[in-house]
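What follows is a set of notes on a single structure, which appears directly below.
Read-outs: derived from the displayed coordinates by stated rules, not from any lab. On a predicted model such as this, the values are computed, not experimentally measured, just so you know.
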Amino acid sequence: MKTYRSINKKNRKAQSALEFIMLFSFIFIIFIGMFAVFNNKLVKMTQESEELQLEQIQKMIVTELQIAEGVMDGYQRQFSIPKLYLGREYFIELKKQDKVMTLVITGSGRERFRIIHLNKEKFFGAPIPGENYILKQDNILCISDQPMNSLSDCPDLPEICTVNSDCEAGKSCIEKVCV
């Protein structure tokens with residue numbers, strides 16, 4: 001026959017095991033909560049870092065274009081844009097819309113836009129990741145991935161003209177370029 005002491009001893013062991021499981025569960029829930037908070041902050045910091053790098057690339061391109069626009073004719077410069085953004089490819093596009101030019105950088109599923117205040121009729125070409133060459137001649141800017149000695153080397157440049165009759169039908173000669 002079991003005595004009161006032996007039954008009481010088993011209850012204490014069972015109660016200790018239950019207390020241990022509850023304490024362990026509580027600490028585990030706190031740990032999971034802290035892990036979720038830290039993980040959320042890490043993701044946010046990574047996204048901010050990616051945005052900052054895209055912004056730095058954009059600023060570099062805009063600065064190069066603004067310098068080239070502000071100097072005298074004959075300006076030539078080679079500059080480099082990082083080939084990879086956080087170890088991934090990205091794309092640079094210059095969109096010429098109604099009255100503005102927009103620099104669009106696309107990478108990691110993100111698009112970053114920036115309006116550039118340049119005369120779009122006097123700007124040709126587009127920067128690419130890697131080496132870029134910029135040339136200013138006859139008040140016209142050209143950017144290319146190949147070295148240029150004159151505007152005739154500019155890949156996107158339309159016809160150069162001196163009078164309207166040098167241009168195709170329907171186009172006008174505006175500052176030595178058929179537009």
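With the helix formula -39500 (n - 2.57) applied to DSSP H stretches of n ≥ 4, the chain reaches a computed 222 nm mean residue ellipticity of -14000 deg cm²/dmol. Looking only at Gly74, Gly87, Gly125, which one moves most when the chain is put into a Gaussian network model with springs between Cα atoms under 10 Å? In the Gaussian network model the winner is Gly87. Taking θ as phi - 60° and the Karplus parameters 6.51, -1.76 and 1.60, the scalar couplings of the range 137-153 work out to 8, 6, 6, 10, 9, 9, 10, 8, 8, 10, x, 10, 9, 8, 5, 5, 7 Hz in sequence order, x denoting glycine and proline. In a fully extended conformation the segment linking Lys83 and Leu52 would gain 9.5 nm over its present Cα-Cα distance, using 0.36 nm per residue. If the segment from Lys59 to Asp73 were pulled out straight at 0.36 nm per residue, it would be longer than the present Cα-Cα gap by 2.7 nm. Here the Gaussian network model covers the chain, with springs between Cα atoms less than 10 Å apart; of Ile143, Ile115, Ile27, Ile27 fluctuates the most.
Multiplying the residue separation of Met45 and Glu121 by 0.36 nm and subtracting their alpha-carbon distance yields 23.3 nm.
Anyone know which of Asp138, Asp153, Asp98 comes out most mobile in the 10 Å Cα GNM of the chain? Most flexible of the set in this elastic network: Asp98. Global size of the chain: 32.3, 122 Å for Rg and Dmax (C-alpha atoms, Rg to one decimal, Dmax whole). Annotation: amide H-H contacts under 5 Å for Leu118 (H modelled 1.01 Å from N, sequence separation of 5 or more, or interchain): Met101.
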